[in-house]
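*Asks:* Let me give you the structure first, and then I'll get to my questions.
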Amino acid sequence: MTIPISRLVLGAVLLLPVAARAQTGHAKVKIVAPANGATVSGPVKVVLQATGVEIVPATVERPGTGHHHLFVDHDLTPVDDTIPRGVTGILHLGRGQTEFVLDSLAPGPHRVIAVVANWKHVPLKPLVVDTVRFTVK
Ligand SMILES: [Cu+2]
């Protein structure tokens, strides 16, 4: 059995956009500080670095943009849903901030999850997320 040449060509054409996307990569976020596994003293400054997405105030309604959210000792909310406001442990950095000081963490272990979401406060897809665990002395 032979594969028609037309199908091979079609396959190559379909693969091209995937290869291009893999090269640029999708958006990423990294919690630069505190370092994962670190022991730190409070207050704890969380520093975020995003690539492949422009960090803007939540009022900016433009594709390719988003703002940071921190889940502090709180599980992620469902990724297809709006990230709620007014919930202890869920912070919207809605002015486009890339740093946030956590000044009321009790001594002991903590976990921070950073998620970039759009102006509707719905997480970007694919999910742009990072997690660190650290200990406050
Ligand atoms: Cu938000």
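*Asks:* Relative contact order, percent, of segment 34-73 when contacts are C-alpha pairs under 8 Å separated by at least 6 residues?
*Replies:* 27
*Asks:* Here's another thing I want to ask about it. Can you work out the Karplus-derived ³J(HN,Hα) for every residue in segment 37-45? Use 6.51 cos²θ - 1.76 cosθ + 1.60 with θ = phi - 60°, whole Hz, and x for glycine or proline.
*Replies:* 3J(HN,Hα) across segment 37-45, in whole Hz: x, 6, 10, 10, 9, x, x, 9, 8.
*Asks:* Now for a separate question. On the accessible surface of segment 41-137, probed at 1.4 Å, how many percent belong to carbon and sulfur atoms?
*Replies:* After summing per-atom areas, the C and S share lands at 53 percent.
*Asks:* Still on this structure, I have one more. Starting from the coordinates of the alpha-carbon atoms of segment 55-137, obtain the Kirkwood hydrodynamic radius over all distinct pairs and give the value in Å to one decimal.
*Replies:* Taking the inverse mean of 1/r over all distinct Cα pairs, segment 55-137 comes out at 13.1 Å.
*Asks:* Please find the FRET efficiency linking residue 88 to residue 131, where r is the Cβ-Cβ separation and R0 is fixed at 22 Å, and quote it to the nearest 0.05.
*Replies:* Efficiency computed from Cβ-Cβ geometry: 0.70.
*Asks:* Follow-up. Between residue 73 and residue 59, what is the spin-label point distance in nm, taking each point 7 Å from the Cα along the Cα→C-beta axis?
*Replies:* Each label point is offset 7 Å from its Cα along the Cβ direction, giving 3.4 nm.
*Asks:* Among the lysines, which fall within straight-line cross-link reach of residue 137, defined as a Cα-Cα distance under 28 Å, with same-chain neighbours fewer than 8 residues apart omitted?
*Replies:* 30, 45
*Asks:* Sticking with this structure for a sec: For segment 40-86, take N as its residue count and report Rg(C-alpha) divided by 2.2 N^0.38 Å.
*Replies:* This ratio for segment 40-86 stands at 1.39.
*Asks:* Can I ask one more? Any idea of the accessible area per residue across segment 60-137, 1.4 Å probe, to the nearest Å²?
*Replies:* So segment 60-137 comes to 53 Å² accessible per residue, rounded to a whole number.
The values are calculated or read from the model by the stated rules, or taken from the named source; none is laboratory data. Quantities reported herein were computed from a predicted structural model and do not represent experimental measurements. Note: ideal-geometry Cβ built from the backbone for every residue, glycine included; neighbour counts use all protein chains shown. Areas reflect the complete protein model, heavy atoms only, side chains present, ligands, DNA and RNA absent. Shrake-Rupley method; radii C 1.70, N 1.55, O 1.52, S 1.80 Å.
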